[in-house]
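Worksheet for the structure shown next.
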Amino acid sequence: MDKTNVMRLLDAKKIAYTAYEYSPEITDGEEVARQLGENARAVFKTLVTVSDKRAYAVFCVPVCGTLDLKKAAKAAGFKSVAMIHQKELEPLTGYIHGGCSPVGMKKRFPTFIDESAQEYEKIFVSAGKVGRQVCLSPLDLAGFVGAKFAPLASEKE
């Protein structure tokens, strides 16, 4: 398995992780969790928002939930946040939709991880490519990307 940039960055800091592959045809996060044989609450998607002041923030929430924009704005200290347009994702972060990781973005943005991650010894996040995931300690991830834990997710409707 080729190493992704995410894996190289984690290796450089000696952060333990396990790499996983799944079919890049799968775009649904809950289906990714099934392919990995994991609880969807331990598999996190990475979402990028923009605030009313044009400031960006990154949020990681379980694939079985949705990002509550009010909770996200509160966690980041903004009046409001909205999801960025998909076409803005790659120029801003260096990642494409479905392969966005909180690790190794072009620029460092304030990052927040749903507090539920702390219930798990290990969580999954994108390894920076569609079809690739890394499994690591949520505390190691938060320490590496400078993330804070906060209540962010709502159950899917």
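Observations, loosely collected:
- Boolean, PHE109 is over 17 Å from CYS64 (Cα atoms) and either modelled with pLDDT of 95 or more or surrounded by 24 or more Cβ atoms within 10 Å (Cβ to Cβ) (or both): yes
- Residues in region 84-98 that are surrounded by fewer than 20 Cβ atoms within 10 Å (Cβ to Cβ) and either among the polar types (S, T, N, Q) or not in a helix (DSSP H, G or I) (or both): ILE84, HIS85, GLN86, GLY94, ILE96, HIS97, GLY98.
- Exactly one residue out of ALA19, ALA72 is within 21 Å of LEU141 (Cβ to Cβ), buried (at least 20 other Cβ atoms within 10 Å of the Cβ) and modelled with pLDDT of 95 or more: that is ALA72.
- Selected residue (criterion: farthest from the chain's Cα centre (by Cα)) from residues of region 105-133 that are closer than 25 Å to LEU92 by Cα and of a type in the set (Gly, Ala, Ser): GLY131
- Residue in region 24-32 that is open to solvent by 60 Å² or more (accessible area, probe 1.4 Å), in a strand (DSSP E or B) and either in contact (Cβ under 8 Å) with a residue 12 or more places away in the chain or among the aromatic types (Phe, Trp, Tyr) (or both) present: no
- Cross-chain or 6+ apart pairs with Cβ under 7 Å, region 137-150 first and at negative phi, then open to solvent by 60 Å² or more (accessible area, probe 1.4 Å) and among the basic types (Lys, Arg): SER137/LYS122; PHE144/LYS13
- Evaluating VAL63 against the criteria (1) more than 30 Å from ASP2 (Cα to Cα); (2) buried (at least 19 other Cβ atoms within 10 Å of the Cβ); (3) of a type in the set (A, V, I, L, M) leaves one unmet condition, (1).
- Against the test of being free of Cβ contacts under 8 Å to residues at least 24 places away in the same chain and not small (Gly, Ala, Ser), the options ASP68, ASP2 yield a single qualifying residue, ASP2.
- Spans of strands (runs of 3 or more DSSP E) in region 117-157 with at least 1 residues β-branched (Val, Ile, Thr) and under 15 Å from ASN5 (Cα atoms): 123-126, 132-136
The values are calculated or read from the model by the stated rules, or taken from the named source; none is laboratory data. This is a predicted model, so every value here is computed, not measured. Cβ coordinates were reconstructed from backbone atoms using ideal geometry, including for glycine residues, and neighbour counts include every protein chain displayed. These accessible areas exclude ligands, DNA and RNA; they are computed on the full protein's heavy atoms, side chains included. Shrake-Rupley method; radii C 1.70, N 1.55, O 1.52, S 1.80 Å.
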